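Nothing in this text is a laboratory measurement; each read-out follows from the coordinates by a stated rule. If you're wondering where the values come from, they're calculated on a predicted model, not measured in any experiment. So basically every Cβ, Gly included, is an ideal-geometry build from the backbone, and we count neighbours across all protein chains shown.
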Amino acid sequence: MKILLPVILTLIGIVVIINTFATLIGKFQAPSKITKHFSPSPRPTPTSTPRPLTFAEMNALYGPCVFLPTLFYHHIQSPEAAKQNKQTALTIDTDFFRNQMKYLKEKGYHTVSMNDLTSFFDNGIPISSGSILLTFDDAYADFASDAVPILREFGFKATLFVPTGLVNNPGYLTWDTISSLMPGGDILFANHTWSHHNLLAAENVIEKEISTADTQLAEKGLNSPKVFAYPYGLSSAPAETFLTKLGYKLAFTTVPGSTLCKKLRFDLPRVRIGNADLSAYGF
Ligand SMILES: [Zn+2]
């Protein structure tokens, strides 16, 4: 009995607590028939439309900065070839491309190299006004057949971003063709991952993609200085960390813009060029 009494008292206590809760829950139970009240949605606080930062503001935040339009292209081929290959969305008609390069030349624009940009960032060596960078993504076969002869006609330097695992595949450059384009040193063949993988991936994938391409390019004496372009333009913090570790100097996105800043050297903007006169892009 002496042992049972505290047990009984405890049990009574538990029952009382359960009952109290049941009553409380009952009070707050929703009525069986719910009348919905549609209150007007909260009015958004008016905010000013975000405006792009001025050069001076960017320079103060991320500088030193330089105004250096970095044009980017994919396919350069005839409209017939583009249609046949189902690549019209990524193609600039070869004749149109020639007109664009001619226009740049006539307007007094000149190309600089990736070394010039790193020298500006690291040593403050100025880049003259009228400078541009020309970049081509994905190492398509038409880069050699259609783009390079025109670039050389006008004496323009360029960077080709190569997904190294796609080289020698149908529609892409071969390593032999890449070697044949090396003399002259006017084209930098740079890292665009191994399989053109998006780098919002797991860290081990990011590292494998970047380092495999890095090794393959280095074995062939390419990618010096070390420059990178993110597939699909998608940068990521782990990718930036890894690129820094491997000694990369610059990395390009597809974010539109022409102000290139030292503190954003792994998130550089570019200007995507389509089948329109370059005057439409402010040149
Ligand atoms: Zn690409």
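For the pair residue 122 and residue 212 in one chain, pulling the backbone fully straight at 0.36 nm per residue adds 29.7 nm over the alpha carbon distance.
The order of 193, 244, going from fewest to most other C-beta atoms within 10 Å of their C-beta, is 244, 193. Label positions at residue 219 and residue 85, each projected 7 Å from the Cα along the C-beta direction, are separated by 2.6 nm. FRET efficiency for the pair residue 49 and residue 255, taken as 1/(1 + (r/R0)^6) with r the Cβ-Cβ distance and R0 = 22 Å, rounds to 0.75. When the pairs 83/105; 208/245; 220/245; 107/157; 105/262; 226/263 are compared against a 23 Å limit on Cα-Cα distance, 83/105; 105/262 fall above it. Please list, by residue number, everything in the stretch 215-247 whose backbone N is under 19 Å from a paramagnetic label point 7 Å out along Cα→Cβ of residue 168. Output list for this probe position: 215-223.
If you take the Cα centroid of the stretch 132-147 and the Cα centroid of the stretch 186-204, the two points sit 16 Å apart.
At a Förster distance of 30 Å, what's the computed FRET efficiency of residue 110 paired with residue 180, Cβ-Cβ distance as r, to 0.05? Provide the component values of the computation, followed by the final result.
On the way: r = 25 Å, r/R0 = 0.84.
Using R0 = 30 Å, I get an efficiency of 0.75.
Under 25 °C and 0.890 mPa s, how fast does the stretch 45-131 diffuse according to Stokes-Einstein, given a Kirkwood radius computed over C-alpha pairs? Answer in µm²/s, whole number. D = 150 µm²/s.
Antiparallel versus total DSSP beta bridges in the stretch 55-274: what percent is that, nearest 5? Could the numbers behind the result be given before it?
Numbers: 4 of 29 bridges.
Within the stretch 55-274, antiparallel bridges account for around 15 percent of the total.
Ordered by the count of other Cβ atoms within 10 Å of each Cβ, fewest first, 249, 102 give 102, 249.
Based on the Kirkwood approach, the hydrodynamic radius assigned to the stretch 146-283 is 15.9 Å, with every pair of different Cα atoms included.
Built from the Cα atoms of the stretch 131-187, the convex hull projects on average onto 3.8 nm², one quarter of its surface area.
Computed log10 I(q)/I(0) for the stretch 55-274 at 0.11, 0.15 Å⁻¹: -0.51, -0.98, from the Debye equation with unit scatterers placed on every C-alpha and solvent omitted.
Treating each Cα of the stretch 221-278 as one equal point scatterer and applying the Debye formula with no solvent, the log10 of I(q)/I(0) at q = 0.17, 0.23, 0.27 Å⁻¹ comes out as -0.58, -0.93, -1.15.
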